[in-house]
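The block underneath contains the structure these notes are about, expressed in structure tokens.
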Amino acid sequence: MNPTPSPTLRSFPPVEAPDARVLVLGSMPGVASLTAGRYYAHPQNRFWPIMGSLVGAAPELDYPRRLDILRAAGIALWDVFAECEREGSLDSAIRDDTAVANDFAGFLARHPQVRTVLFNGAKAEHAFRRFVLGPLARPDLILRRLPSTSPANASQRNEAKWTAWREALRDAGVAVRD
């Protein structure tokens, strides 16, 4: 007897601006984000608090305003996978055999000034390297894994996450607050 298939999930379009210099990648939005139709919607996810303190995209602002602030800072958001099957929200539950990567060749052609890709956690980096990197003709890209902002990554203190994200954005040329 075959197990019941997991639901096929579809990611969001990228948050992008013509002058984006940094691309932040997750793997696939979690259940809370998919339900809300917004990136990093889980209330315990640290992404928006970190972006709030670093570039002003604070969680108390309405979502469109947060996205505008990221765009103005030169930050684009997306996910490695356009679609996949997964039960629940954990990256470890993503079925790689069902995963379809987003069109990064097209994205990077529209945004040739993107030089830095920041991975929000290990799964995003692993998936990008496995499913995307080979066909890309962009050896100039700086690829950097950061601690996941997910509430599932409770082993790392919030201060350490904030510090890593601040250094990565600063190194990528984004004006960040101290």
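The values are calculated or read from the model by the stated rules, or taken from the named source; none is laboratory data. Because the structure is a prediction, the values reported are computed rather than measured. Reconstructed Cβ throughout: ideal geometry from the backbone, glycine too, with neighbour counts over all protein chains shown. Heavy atoms of the whole protein, side chains included, go into the accessibility calculation; ligands, DNA and RNA do not. Shrake-Rupley method; radii C 1.70, N 1.55, O 1.52, S 1.80 Å.
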Show the residue pairs meeting these rules: Cβ distance below 6 Å; 6+ apart or different chains; first residue within segment 99-122 and modelled with pLDDT under 95; second residue among the small types (Gly, Ala, Ser) and surrounded by fewer than 20 Cβ atoms within 10 Å (Cβ to Cβ). Val100/Ala82; Asn102/Ala82
Residues located in segment 118-136, provided they are out of contact with any strand residue (DSSP E or B) (no Cβ under 9 Å at 6 or more places or on another chain) and open to solvent by less than 60 Å² (accessible area, probe 1.4 Å): Leu136
What's the number of the only condition in (1) modelled with pLDDT under 95; (2) closer than 21 Å to Pro49 by Cα that Arg166 fails to meet? (1)
Please name all residue pairs, on different chains or six or more residues apart, with Cβ atoms under 8 Å, provided the first residue is in segment 31-49 and is closer than 27 Å to Glu159 by Cβ and the second residue is charged (D, E, K, R). Arg46/Lys161; Trp48/Arg66
Looking at Leu23, Leu9, which is the one that is of a type in the set (A, V, I, L, M, F, W, C), at pLDDT 95 or above and open to solvent by less than 40 Å² (accessible area, probe 1.4 Å)? Leu23
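Name the one entry in Pro151, Pro139 that is at pLDDT below 90, open to solvent by 70 Å² or more (accessible area, probe 1.4 Å) and not hydrophobic (A, V, I, L, M, F, W, C).
Details: Pro151 fails: open to solvent by 70 Å² or more (accessible area, probe 1.4 Å).
Residue meeting the stated conditions: Pro139.
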